[in-house]
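The values are calculated or read from the model by the stated rules, or taken from the named source; none is laboratory data. All values derive from a computational prediction rather than experimental measurement. Cβ placement follows ideal geometry from the backbone for every residue including glycine, while neighbour counts extend to all protein chains displayed.
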């Protein structure tokens, strides 16, 4: 416990819940803005004369690489600085960059805009996870993180619906400009009402070690038993989540012939409702399993059960010829896959000393970003391009099929993390 700092339960619940609401809104906007490009891949590709591989680079690698590299330094800043100010600056930057995406004239300018969106959005999750750890005590933390994570799927729904409607009515350039400018309303709300919570020490096991520099913080976290396996398992669990925003709308356009104006309204609610339900259910289950245990570790049992069950749903989504069956499978698939991230993040920030929580969550985001958000969409796009000469529009179906085994890999790594962290925590 940091000297003179009140425990997390001493924070007024109303203030903690309002802060959680603001963090929820920030991440909702984060995800909604990130979703926009995936809805208009084909119109942007046609207007700017780009290939599927180039669109994969713009939507995946260009965004994620800078989001993650800069994100590590931002996370270290979050662990030491004014988290409220950092979030305000981040929202302002990604909103301006989203608007500028509508002005792109080619691959380079489109990639530059997405890079700036990625840099701005690198503030949202480290700030949120760090603040949530200080606002909520360990038994309530998985549920709070689950509520926060639900904003991801609500943002997916809103981003999909708004992008499809705006792009169909006014074109993709006007869509980006409108959504980017709208983000500055949240900037004003954060400036006026968000407060910086006191930092609270709460470590699952081991001594709290205050970092004197970024490299030592990273080294300390990577040496924690189970942390690397936990990060890799979470990354594999998010591969489908990285592919869907980039390629699911295009998959519906090409393989199921859904009109552009309807694709966002179709996939957003279907996928989003499943994701929201899975996230909230996993939070409640993980909090119940963790109650009275002194740590969030038992919550890892939730994704260990849910992830293997997602595999047949993924196969059905990919290969079903009926649109109704495809979307039903998508809802079930997202319900099960969404049960993974919240419990994993709760364990990661519970393992870390208070002044390493943002770096801890960001290292996990590095793994999920590289494997889930960068590698997975690029792999799908590359396979689609390779098969396109023989399969035409159906090539994308087989690109998506390549990631069907990933939940099984995720479960294997999470089981290893569960055992390693459990052995470390046992003496306590």
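Details
- Residue in the range 268-299 that is modelled with the lowest pLDDT, counting only those that are surrounded by 24 or more Cβ atoms within 10 Å (Cβ to Cβ), over 18 Å from residue 157 (Cα atoms) and under 18 Å from the mean Cα position of the chain (by Cα): 283
- Total residues in the range 207-251, condition outside any helix (DSSP H, G or I) and at pLDDT below 80: 7
To keep it simple, each residue is scored yes or no on (1) modelled with pLDDT under 85; (2) at negative phi.
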| site | (1), (2) |
| --- | --- |
| 4 | yes, no |
| 10 | yes, yes |
| 16 | no, yes |
| 21 | no, yes |
| 27 | no, yes |
| 35 | yes, yes |
| 40 | yes, yes |
| 50 | yes, yes |
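- Members of the range 164-176 found to be more than 21 Å from residue 106 (Cβ to Cβ), in contact with a helix residue (DSSP H, G or I) (Cβ under 6 Å, 6 or more places away or on another chain) and touching a residue at least 60 places away in the same chain (Cβ under 8 Å), listed by number: 164, 168
- Here the helices (runs of 4 or more DSSP H) wholly within the range 296-388 that include at least 1 residues being touching a helix residue (DSSP H, G or I) at 6+ places or on another chain (Cβ under 8 Å) and free of Cβ contacts under 8 Å to residues at least 12 places away in the same chain are 323-337.
- Options 396, 412: the member that is crowded, with 19+ Cβ neighbours inside 10 Å, at pLDDT 85 or above and in a helix (DSSP H, G or I): 396
- Residues in the range 147-161 that are modelled with pLDDT under 80 and over 15 Å from the mean Cα position of the chain (by Cα) were compared, and the one that is nearest to residue 249 (Cα to Cα) is 160.
- Here the condition is being in contact (Cβ under 8 Å) with a residue 12 or more places away in the chain and surrounded by fewer than 21 Cβ atoms within 10 Å (Cβ to Cβ); of 106, 120, 155, it holds for 106 alone.
- Those residues of the range 180-189 which are touching a helix residue (DSSP H, G or I) at 6+ places or on another chain (Cβ under 6 Å) and closer than 22 Å to residue 39 by Cα, in sequence order: 180, 181, 183
- Here 164, 90, 120 are screened, and the one residue that is within 21 Å of residue 188 (Cα to Cα), at pLDDT below 90 and part of a helix (DSSP H, G or I) is 120.
- When residue 327 is tested against the conditions (1) more than 19 Å from the chain's Cα centre (by Cα); (2) more than 20 Å from residue 156 (Cβ to Cβ), the lone failure is (2).
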